[in-house]
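J.: Quick one: this structure, given as C-alpha cells, is what I'll be asking you about.
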C-alpha cells in the first residue's frame, strides 16, 4: 500500500526531470527505486520500521532532487539541441518533440500558431467593414462598454467580436494544454491572458467582470489537465519556458495586435484604420510564422523584434496621416523592451549552467 | 607507469568527489546495474554515502559523458519490480549495466594514487606520534 503510493509519487517526481535525461535514465531510475523499496521486505523488520525506512527513502529522493535536477539539466544541455530520441514519442503522439529548442515547427504547426493573429484581424476587419459598408453598428461599444441602439443589443449577444476571438483563444489554450504546451500554443496563452486582463479592467455593458474575466483561461487549463489526467502539461509549460525563453516573448508578442487595436481604434471605423489593421494583422501573423519556423534563439528574437521594427517605421509614416505618431511609436518601442523581459530567464539559465558545470 | 597514465587524465577530472569515487570503485571489479551500484556504494563507504537515485543517475550521466564508464544491455526476463519472474506472464526488459572503461580505470587509479601520495606525505610528516 505505502510502497505503491510512494512509487506513484516517485513517478510524478521523475516527470519533473528534463526530457532527454528521462528518456535515457527514467525507466532505470524507477526500477531502482522499486527495488530499493522492496529491499526493506526482509523478514524480521517490524512493519512500522519498514514503513519509516520506505518513507525515508522517498524523502531522500525529494531532498536531493534540486541538485540531481541541476545535474540532469547540465547533462541535457551538454547533449546539444538535436532531435530528441524516439523513446518518449508515446506521450501525446510525439508532441513532446516540440519542447526542444532546436526543433523547427512544421508549416501546419506554424499556421496554427499564426491563427489567433489572423482570426483576430479578420474578425475586427469584418466588424469595421460591416459598419462602414452596410452601416451596421456593433451591438457593443468596445471602449465605453455601453450597449448601443439597434436590433442586436440583447445582452446575450453583446461583445460579439472580441468575445468570439476570446473563445477561439481559450479553445486554442485548451488544445495546447492537451498537447503539452508546444511552441505554437504560447500565442493562444498570450492572447487569452490579454483578454483576461482586458476584461478584468473595466465595465462592459454595465457588467464588471473583475477577476471572473480570467475564468475561461483558467478553466481551459484545468479542463486540459483533467482530460490529460496528468500534471505533465504544466511541467512542460515550465520546461519550455526554461529551455527557450523566447516562448514567453512569443506569448507577450500575442498582446500586440489586440493592444494596438483596442488602444488605437475607437471603433468608429474609418477606411485608413482598416488598412492599418490589415497591415498589422498580416505583419504580426508573418512574424509568428517566422518565429515558429526559426530553429535558433537568435532567429526567433529577430523574427519578433524585426516585426516590431517595421511597426515603428509604419508608426512614423502613419503619423502624418492619422496624427497618432508619438503614441504609436512610443507604444511599439515600449513593446521592444517588453518582449525582451523573458531574456532574464535565459540569463539566469545560462548562469546556472555556467556554475553547475564547473 | 602511473605517472605516464596520469598525463592522459585531464586534470579537471580529479580529485573525484566522494560519491563518484565510490561509484567507480563499485564498478572496478565487474559491471553492475543501477541498484547494485547503489547498494555497493553504501557498503563500501560503510553507510556514509547513501545515494538517491537522482544523485546516482546524475553522476552516471556525467561519467558516461566523460567516457569514464560505458553502458551495456543484457536481455533478461523480469517482471516490473526487476526481480526474476516466477509467473508465466513476463515482461522482457533490457537491464542496463555500467562498467568502467580503460580510461575510467586510469581515472580511478590516478585518484587512488593522489590520495595515496597525500596519505604517505601525512604519515611521513606526522611520523609515529600522530597529530
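J.: Using Cβ contacts closer than 10 Å as the measure, can you line up A:38, A:294, A:78 from fewest to most? It would help to have the intermediate numbers written out before the result.
T.: On the way: A:38 15, A:294 20, A:78 12.
Ascending number of Cβ neighbours within 10 Å: A:78, A:38, A:294.
J.: May I pose another question? Hey, what's the Kirkwood Rh for segment A:2-74 if you take every pair of different alpha carbons, in angstrom? Present the calculation step by step, with values, prior to reporting the outcome.
T.: Values: mean 1/r = 0.0773 Å⁻¹.
About 12.9 Å for segment A:2-74.
J.: Would you mind ranking A:300, B:106 so that the residue whose beta carbon has the fewest other beta carbons within 10 Å leads the list?
T.: Values: A:300 23, B:106 19.
In increasing order of surrounding Cβ atoms, one gets B:106, A:300.
J.: Where the centre of each part is set by its Cα atoms, how far does segment A:279-318 sit from segment B:57-74, in angstrom?
T.: Between the Cα centres of segment A:279-318 and segment B:57-74 lies a distance of 44 Å.
J.: A further question on this structure: For residue B:67 and residue A:278, what does the FRET efficiency come to when R0 = 51 Å and r is the distance between their Cβ atoms, rounded to the nearest 0.05? Could you put the intermediate results ahead of the total?
T.: On the way: r = 58 Å, r/R0 = 1.14.
Computed FRET efficiency for residue B:67 and residue A:278 comes out at 0.30.
J.: Something else about it: Would you mind ranking A:17, A:209, A:199, A:64 by Cβ crowding within 10 Å, fewest neighbours first?
T.: On the way: A:17 27, A:209 16, A:199 22, A:64 19.
Going from least to most buried by this count: A:209, A:64, A:199, A:17.
J.: Give me the distance in nm between label points sitting 7 Å out from Cα along the Cα-to-Cβ direction at residue A:347 and residue A:212, one decimal.
T.: Modelled inter-label distance: 4.2 nm.
J.: Quick check on segment A:218-265: take the gyration tensor over C-alpha atoms, sort the square-rooted eigenvalues as a ≥ b ≥ c, and tell me if it's rounded (a/c under 1.5), prolate or oblate. Each step should come with its number before you reach the end.
T.: Values: a/c = 5.99, a/b = 1.66, b/c = 3.61.
Taking the square roots of the gyration eigenvalues as a ≥ b ≥ c, segment A:218-265 is oblate.
Taken together, the values in this text are just the output of simple stated rules run on the coordinates, not laboratory data. What you see is a predicted model; the values in this text were computed from it and never measured. Note that each Cβ is placed from the backbone with ideal geometry, even for glycine, and that neighbours are counted across all protein chains shown.
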